[in-house]
Amino acid sequence: MTNATPGAVARHLLQQPLDGLARLWGTPHDPTDTLLKQRFWLQLLLPLAGLPLLAPTTLLVALPVFAEHLLSWRPEQHAILCQYTALTLPFVMLAGVEGLARLRARRPALAPPVTGLALLLTLLAAAQFG
């Protein structure tokens with residue numbers, strides 16, 4: 001759907017919603033763009049040790065923006081660049097906090113080491129991506 005109109009993209013999403021979700025992770029027949037999208041998710045979630053995944057409803061709030069960027073034909077929108085992630089980062093961070101609270105409620109002994117791991121991963125990501 002390269003260079004498809006917004007209406008064509010909306011129709012495709014309504015007709016094939018699972019394909020639309022799959023395209024948030026990869027681009028058919030384009031391994032370079034697929035790698036960009038997969039790195040996007042890794043760079044977004046790894047510094048928080050995956051904790052936002054424990055609060056999926058909070059992440060769903062940002063789904064329209066994720067979809068706007070990751071369904072775009074522009075590869076620049078499939079990478080972590082501040083102007084493209086500015087609308088999603090608050091929800092990712094909030095989901096990370098909520099995820100940690102859920103982990104603490106369910107498995108209290110895991111919360112401190114996972115918090116330390118998240119801090120270490122955040123520092124490593126900051127050093128690498130500055």
*Can you pull the accessible area of LEU21 for me, 1.4 Å probe, Å² to the nearest 10?*
100 Å²
*Take the Cα gyration tensor of the stretch 46-104, multiply each eigenvalue by 5, square-root it, and list the three semi-axes largest first, rounded to whole angstrom.*
23, 11, 9
*Using the charge dipole of the chain (Lys, Arg: +1 at Cβ; Asp, Glu: -1 at Cβ; taken about the Cα centre), state which of ILE80, PRO47, LEU21 has its Cα farthest towards the positive end.*
PRO47
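If you roll a 1.4 Å probe over the chain with all protein chains in place, what percent of the accessible area is carbon or sulfur?
C and S atoms contribute 70 percent here.
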*How much accessible area per residue does the chain have, in Å², with a 1.4 Å probe?*
64 Å²
*About its Cα centre, what dipole magnitude does the chain give when the only charges are +1 on Lys and Arg Cβ and -1 on Asp and Glu Cβ, stated in debye to the nearest 20?*
400 debye
_Spherically averaged projected area in nm², based on the convex hull that wraps the Cα atoms of the stretch 84-130_ = 3.6 nm²
*Leaving out ligands, DNA and RNA but keeping every protein chain, what accessible area does ASP33 have, in Å² rounded to the nearest 10, with a 1.4 Å probe?*
20 Å²
*Provide the descending list of Cα extents for the chain along its principal axes, expressed in whole angstroms.*
49, 30, 24
_For the chain, set up a GNM with springs between Cα atoms under 10 Å and report which of GLY20, GLY116, GLY99 has the largest fluctuation._
GLY116
*Per-residue HN-Hα couplings for the stretch 27-34, Karplus 6.51 cos²θ - 1.76 cosθ + 1.60 at θ = phi - 60°, whole Hz, x for Gly and Pro?*
10, x, 6, 9, x, 5, 5, 4
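The values are calculated or read from the model by the stated rules, or taken from the named source; none is laboratory data. The structure presented is a predicted model; accordingly, all values stated were derived computationally and were not measured. Cβ atoms come from the backbone with ideal geometry, glycine included; neighbour counts cover every protein chain shown. These accessible areas exclude ligands, DNA and RNA; they are computed on the full protein's heavy atoms, side chains included. Shrake-Rupley method; radii C 1.70, N 1.55, O 1.52, S 1.80 Å.
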